[in-house]
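Report on one structure; see the data block that follows.
The values are calculated or read from the model by the stated rules, or taken from the named source; none is laboratory data. This structure is a prediction, so every number in the text was calculated from the model and none was measured. In this analysis, Cβ positions are derived from the backbone assuming ideal geometry, glycine residues included, and neighbour counts consider all displayed protein chains.
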Amino acid sequence: MMRKEHFYNVEMNWIGNIGTGTSSYSAYKRDFDISGTDKPTIPGSSDPAFRGDKRRYNPEELLVASLSACHMLWYLHLCAEAGVVVLKYEENASGVMQETEDGSGFFRDVTLNPVVTVSETSMIETAIDLHKKANEMCYIAKSCNFPVHHKPTIGI
């Protein structure tokens with residue numbers, strides 16, 4: 001069986017040179033722009049704890065957002081197949097990154113907290129169960145070396 005491969009390309013443009021480049025740790029901004037063909041630009045920076053701009057998305061937030069979005073898209077797909085009618089899906093995801101002694105770090109875990117509204121009470125049990133399957137199917141969650149927890153709330 002031939003396996004399908006999908007390729008993803010983005011452009012990364014560092015815009016933080018404020019005159020002297022990286023001549024010292026405090027001599028530059030961490031700002032960057034992520035873009036792609038015919039897509040809006042995503043403003044990025046490092047976490048404010050690492051001299052970044054709090055008004056721009058940092059890579060850690062983008063990782064949590066990617067997990068959240070991938071889970072949601074798989075979940076909606078699985079619900080549609082199972083006859084669960086989702087009327088609303090909101091998420092408040094959070095991740096914990098732990099710094100190490102050498103200044104690097106790693107994600108310890110991410111918790112997804114989806115709040116889902118379905119059309120009928122009879123769908124609630126299946127709607128809860130499908131979160132586990134969505135996590136098993138999510139490409140991004142399957143690529144992570146840390147746990148992705150789920151604490152769904154389902155209502156009508």
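Numerical summary
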quantity	calculated
Segment 84-121, residues that are of a type in the set (Asp, Glu) and either in contact with a Cys (Cβ under 7 Å, 6 or more places away or on another chain) or assigned to a loop (DSSP other than H, G, I, E, B) (or both)	Glu91, Glu101, Asp102, Glu120
Residue in segment 77-97 that is surrounded by 12 or more Cβ atoms within 10 Å (Cβ to Cβ), touching a residue at least 60 places away in the same chain (Cβ under 8 Å) and among the hydrophobic types (A, V, I, L, M, F, W, C) present	no
Selection count where residues are closer than 28 Å to Ala49 by Cα, surrounded by 11 or more Cβ atoms within 10 Å (Cβ to Cβ) and of a type outside the set (Gly, Ala, Ser), scope segment 100-123	9
Count of segment 13-32 residues which are surrounded by 10 or more Cβ atoms within 10 Å (Cβ to Cβ), out of contact with any Gly (no Cβ under 7 Å at 6 or more places or on another chain) and not small (Gly, Ala, Ser)	6
Considering residues of segment 124-140 that are touching a residue at least 40 places away in the same chain (Cβ under 8 Å), within 19 Å of Glu81 (Cβ to Cβ) and among the aliphatic types (A, V, I, L, M) only, the residue surrounded by the fewest Cβ atoms within 10 Å (Cβ to Cβ)	Met137
Qualifying positions in segment 49-70 - touching a helix residue (DSSP H, G or I) at 6+ places or on another chain (Cβ under 9 Å) and part of a helix (DSSP H, G or I)	Leu63, Ser66, Leu67, Ala69, Cys70
Strands (runs of 3 or more DSSP E) within segment 1-48 that include 2 or more residues touching a helix residue (DSSP H, G or I) at 6+ places or on another chain (Cβ under 8 Å) and not assigned by TED's automatic domain parsing to the domain that holds Gly103	42-44
Residue among Leu112, Leu130 that alone is within 12 Å of the chain's Cα centre (by Cα) and modelled with pLDDT of 95 or more	Leu112
Lone unmet requirement of (1) out of contact with any strand residue (DSSP E or B) (no Cβ under 7 Å at 6 or more places or on another chain); (2) in a loop (DSSP other than H, G, I, E, B); (3) farther than 28 Å from Asn145 by Cβ for Ala80	(2)
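Here is a yes/no grid of residues against (1) of a type in the set (Lys, Arg); (2) within 17 Å of the chain's Cα centre (by Cα):
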site: Ile42; (1), (2): no, yes
site: Asp53; (1), (2): no, no
site: Leu62; (1), (2): no, yes
site: Met72; (1), (2): no, yes
site: Leu76; (1), (2): no, yes
site: Asn92; (1), (2): no, yes
site: Met97; (1), (2): no, yes
site: Arg108; (1), (2): yes, yes
site: Val116; (1), (2): no, no
